[in-house]
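To start, the structure itself, in structure tokens.
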Amino acid sequence: MKILSIGNSFSQDAHNMLHTLALANGVDIETVNLYIGGCKLQTHWENIENNKPDYDLERNGGACERKISVEEALCLEKWDVITLQQASAQSQNFSTYTPYLENIAKYVRERCPKAKIWFHQTWAYENDYFLDNPRENDSKQKSMYNNILTASKTAGETISAPFIRVGVAIQAVRENVAEFSYKDGGMSLNRDGYHLSYDYGRFIAAYTWAYELTGVWCDNVPFENLDKELIVKITQTIKDALK
């Protein structure tokens, strides 16, 4: 399976472990991420209109190989899957998606008619990100999560595309795996309040992508830095959440 993501640092997080995890489970997934930090749908569309070669081409979770435009990237391979997403700061407000999401989806389908478009549902920021009023952190975090659910569902319906439920998986682990309970001083799934942690956060994203796109639960985990018992708790929680 060949996957192209027109994204930003959140798709970068999702891609980082995906190729390696899938390969360890007998699934051949090759990925290319088109990276511009914090890139929103409006900017993606403007870049497409002007054919700007402003994206870092990142293959299989690796470093930038060179700069590239969306048009050139669409011609690199016979893509099976092409993912779209909104920037995290605007992810909970669907009014920021339109008409850019529809325009991009139409453009992609015209050039890659055999590829399936998926919408990447990103995740809510962690509680400690909302520092303006600590007493309201929990409600603000859950409000952002619920708004993302609504916006991603609307996005999928608008462009007739399924969505990859990373937001659901991250939230489920936060709320149901004790080791990540912020109330009990648990580990964070984010490295800065919004990007995923380099270990378990990125693993959850990769595990979710692999399942959503292939239907395979990649339970053979090749990463030595991840605790095996904790991984069992995480993966079972994700399975329950994505039923």
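Listed by chain and number, the lysines whose C-alpha is less than 28 Å from the C-alpha of K40, apart from same-chain residues fewer than 8 away, are K2, K52, K67, K78, K106, K114, K116, K140, K142, K153.
With contacts taken as Cα pairs under 8 Å at a separation of at least 6 residues, the chain carries a relative contact order of 20 percent. Residue-wise HN-Hα couplings along the stretch 111-124, as the Karplus relation 6.51 cos²θ - 1.76 cosθ + 1.60 with θ = phi - 60° gives them from phi, are 8, 10, x, 8, 7, 9, 8, 10, 9, 7, 7, 7, 10, 6 Hz; Gly and Pro carry x. Summarising the strand pairing of the chain, around 35 percent of its internal DSSP beta bridges are antiparallel.
For the listed peptides 99-105, 46-52, 5-11, a ranking on the average number of other beta carbons within 10 Å per residue, highest first, reads 5-11, 99-105, 46-52. Relative to the longest principal axis of the Cα atoms of the chain, the long axis of helix 166-176 lies at roughly 0 degrees. Against the main long axis of the alpha-carbon atoms of the chain, helix 137-158 sits at an angle near 30°. At a probe radius of 1.4 angstrom, the accessible area of the chain per residue rounds to 44 square angstrom.
What angle, in degrees between 0 and 90 and rounded to the nearest 10, separates the Cα long axis of helix 228-241 from the longest principal axis of the Cα atoms of the chain? The two axes meet at around 70 degrees. Between N190 and S197, the built amide H atoms are under 5 Å apart, and every one of these is 5 or more places off in sequence or on another chain. For F163, the amide hydrogen comes within under 5 Å of the amide hydrogens of F119, counting only partners 5 or more places away or on other chains and with H modelled in the peptide plane. In summary, the lysines within cross-link reach of K228, defined as a Cα separation below 26 angstrom excluding same-chain residues under 8 places away, comprise K183, K239, K243. Each residue of the stretch 177-193 was assigned a 3J(HN,Hα) from its phi angle through the Karplus expression (A = 6.51, B = -1.76, C = 1.60, θ = phi - 60°), giving 9, 4, 5, 10, 6, 5, 5, 9, x, x, 5, 9, 8, 10, 9, 8, x Hz with x at Gly and Pro.
The values are calculated or read from the model by the stated rules, or taken from the named source; none is laboratory data. Predicted model, so just to flag it, every value in this text is computed and none were measured. When we count neighbours, we look across all protein chains shown, and the Cβ atoms used for this are built from the backbone with ideal geometry, even at glycine. The accessibility values were calculated without ligands, DNA or RNA, using every heavy atom of the protein model including side chains. Shrake-Rupley method; radii C 1.70, N 1.55, O 1.52, S 1.80 Å.
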